[in-house]
Amino acid sequence: MSTPNITYISNFYSQEENIEMFTKLSKCPFKQPIIKVWGKSYRPLRKSCSYGDVDLEYEYSGHCELPLPWNRTMLKIKSDVEKKTGFEYNFVLLNFYESGHAKIGAHKDDEPSLDQSVDKKGYKSVRQARWKQDPSC
């Protein structure tokens with residue numbers, strides 16, 4: 001079993017850049033799709049929006065997410081992250097949490113279309129993320 005490679009980069013953007021990015025990202029067309037978890041359909045408290053390459057789609061929890069074309073803000077973030085990580089990204093799923101009640105519980109991304117490169121960014125507020133190695137990998 002290999003050890004996951006997790007890198008934390010403090011102050012990826014300056015405080016001013018974070019505020020600018022948050023302001024721009026808050027204008028994204030976030031929505032609350034109906035998803036299915038453990039056989040039950042519901043609308044989660046978190047809102048989401050995606051951007052990506054043409055002809056991509058991402059399916060999770062019974063919902064098919066069709067990304068919007070990359071805009072200038074997302075292309076800047078994508079380029080900056082690619083420079084820092086050395087990975088190329090073709091899709092991003094943005095999650096917007098309006099309150100501390102909106103969250104994603106423990107889960108495993110097992111969609112076959114996903115590779116193993118994940119980038120997580122937080123703007124404006126602090127959120128705790130926990131990564132757990134799956135012993136079945």
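The values are calculated or read from the model by the stated rules, or taken from the named source; none is laboratory data. Everything numeric in this text was worked out from a predicted model, so none of it was measured. Note that we place each Cβ from the backbone using ideal geometry, even for glycine, and neighbour counts take in every protein chain shown.
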Among (1) farther than 14 Å from residue 92 by Cβ; (2) in a loop (DSSP other than H, G, I, E, B) - the single one residue 56 does not satisfy
(1)
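Has the range 95-102 got at least one residue that is in a loop (DSSP other than H, G, I, E, B), at pLDDT 55 or above, touching a Phe, Trp or Tyr at 6+ places or on another chain (Cβ under 7 Å) and farther than 18 Å from residue 12 by Cα?
First, pick out the residues of the range 95-102 that are in a loop (DSSP other than H, G, I, E, B): 97-102.
If we keep only those that are at pLDDT 55 or above as well, we get 97-102.
Subset that is touching a Phe, Trp or Tyr at 6+ places or on another chain (Cβ under 7 Å): none.
No - not one qualifying residue is present in the range 95-102.
Could you check the range 10-53 and list, in sequence order, the residues that are in contact with a strand residue (DSSP E or B) (Cβ under 9 Å, 6 or more places away or on another chain), closer than 20 Å to residue 81 by Cβ and assigned to a loop (DSSP other than H, G, I, E, B)?
Kept after step one, since they are in contact with a strand residue (DSSP E or B) (Cβ under 9 Å, 6 or more places away or on another chain), are these residues of the range 10-53: 25-26, 28-36, 41-44, 46-53.
Of the ones still in play, those that are also closer than 20 Å to residue 81 by Cβ are 25-26, 28, 48-53.
Correct list: 26, 28, 53.
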Filter the range 45-65 down to the residues that are closer than 29 Å to residue 17 by Cβ and of a type outside the set (Asp, Glu) and list them by number.
45, 46, 47, 48, 49, 50, 51, 52, 54, 56, 58
Taking only pairs six or more apart or across chains, which ones have beta-carbon atoms under 6 Å, a first residue in the range 58-78 that is surrounded by fewer than 17 Cβ atoms within 10 Å (Cβ to Cβ), and a second residue that is in a loop (DSSP other than H, G, I, E, B)?
63/33; 64/57; 66/57
